[in-house]
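Let me begin by presenting the structure, written as structure tokens, before commenting on it.
The values are calculated or read from the model by the stated rules, or taken from the named source; none is laboratory data. Quantities reported herein were computed from a predicted structural model and do not represent experimental measurements. Neighbour counts run over all protein chains shown; Cβ positions are idealised from the backbone, glycine included.
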Amino acid sequence: MSKPVKLLDSYDLSNQVIILTGATDGIGKEMARILSKNNPKRLILPARNKEKGDKLMEYIKSSNGNTNNVEVWEMDLADLQSVKNFANKFITEVGELHMIVNNAGIETKRQIIKTKDNLELQFQVNHLSQFLLIILLLDTMKKSVSAELPGKIALTSSRANFFGEIDFDNLNLEKGAYWNPLKGYGNTKLMNVIVAQELGRRLQNDHITTYSIHPGIILTNLSHMNTGLSISTFIINSLIRMSGISAEQGASNVLYPVLSPENKDTGKYYDEGIEQEPNKVANDPEIAKKLWDVSEQILRDHGMI
């Protein structure tokens, strides 16, 4: 990309209700600041950690001086029932929705970590719980949007989608520990791209546009990397130091395609705000449909839908 994308100086969000996940750290924190600055009707920020949620509100207030339209609600993506509880509360207490930015994500190291739902942590947090949140709130969004006020669903993905694969016999990484710490993460980031494309196909007549977006290599991500002495860790950390961008720029890279007034095709993948081709696996509609169906079945098995 020749130059970084920039957000509009101002964007009228006064008639839009927005949910932004993953807002307590990194680019999510900057996205919360940017969105709140543009006066949304309501900005709901799910947070697992109340202390971080309180600090986020303090940060927004110190940056913009206005948190009257911003609310932090409890939700833990590592707990499917917590996601369902959030969605039910939202439908009951808010009842309208125009934008979801599913920015939350996690990258584990070499070991497999299971959630209380007995699902692999990255698979649940990066894909399944966010998928659950979307499908539980789809009807609310459909009723809220129109041609004049279209809906937006964005998923923060990663260039790691190119390392991902979709193995329907091992979605939950049940076949033993994976040796490459990027593998499980890459798989879920590919799922983000696939879900955005499949949503685009399913919602093309509902005035809702979908996006998957790589924000760029963020300098703050250093804190999430392995701190060991492996060659791969050294190379990854060195690349971040050389090419990493600020959290503020990463936030702009995610929000630019979503907030831009230009007409965008639905389901597209963006790399640092610019439309690009993702992993070719994401372009297979049969894989997309199967991932959707399998994900729904897992949620049914857990009593979530």
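Results, tabulated for the structure shown:
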item	result
Candidates K114, K142, K109, filtered to the one that is within 15 Å of A87 (Cβ to Cβ), surrounded by fewer than 16 Cβ atoms within 10 Å (Cβ to Cβ) and either in contact with a Lys or Arg (Cβ under 7 Å, 6 or more places away or on another chain) or among the basic types (K, R) (or both)	K142
Residues (within 18 Å of N102 (Cβ to Cβ) and in a loop (DSSP other than H, G, I, E, B)) located in region 273-300	G273, P278
Some residue of region 30-39 being assigned to a strand (DSSP E or B) and without any contact (Cβ under 8 Å) to a residue 60 or more places away in the chain	no
Test: residue in region 47-65 that is out of contact with any strand residue (DSSP E or B) (no Cβ under 6 Å at 6 or more places or on another chain), without any contact (Cβ under 8 Å) to a residue 24 or more places away in the chain, in a helix (DSSP H, G or I) and among the hydroxyl-bearing types (S, T, Y)	yes
Meets criteria (acidic (D, E), surrounded by fewer than 16 Cβ atoms within 10 Å (Cβ to Cβ) and part of a helix (DSSP H, G or I)) for E71	no
Given (1) closer than 27 Å to H302 by Cα; (2) in contact (Cβ under 8 Å) with a residue 40 or more places away in the chain, index of the condition V17 fails	(1)
Qualifying position, being touching a Lys or Arg at 6+ places or on another chain (Cβ under 7 Å), farther than 22 Å from L137 by Cβ and polar (S, T, N, Q), among N64, N49, N68	N64
Hits in region 252-272 - residues which are in a helix (DSSP H, G or I) and among the β-branched types (V, I, T)	V254, V258
Subset of region 74-106 that is polar (S, T, N, Q) and either under 16 Å from the mean Cα position of the chain (by Cα) or over 18 Å from K52 (Cβ atoms) (or both) - its residue that is surrounded by the fewest Cβ atoms within 10 Å (Cβ to Cβ)	T92
Residue in region 39-53 that is among the acidic types (D, E) and closer than 24 Å to I245 by Cβ present	no
L222 being modelled with pLDDT of 95 or more, part of a helix (DSSP H, G or I) and either of a type in the set (G, A, S) or at negative phi (or both)	no
Scope region 97-108; condition out of contact with any Phe, Trp or Tyr (no Cβ under 6 Å at 6 or more places or on another chain), in a loop (DSSP other than H, G, I, E, B) and closer than 18 Å to S157 by Cα; matching residues	N103, A104, G105, I106, T108
Selection status of N126, touching a Pro at 6+ places or on another chain (Cβ under 7 Å), assigned to a helix (DSSP H, G or I) and surrounded by 23 or more Cβ atoms within 10 Å (Cβ to Cβ)	no
Answer from L190, L149, L173, L182 - the residue that is at pLDDT 90 or above and crowded, with 16+ Cβ neighbours inside 10 Å	L190
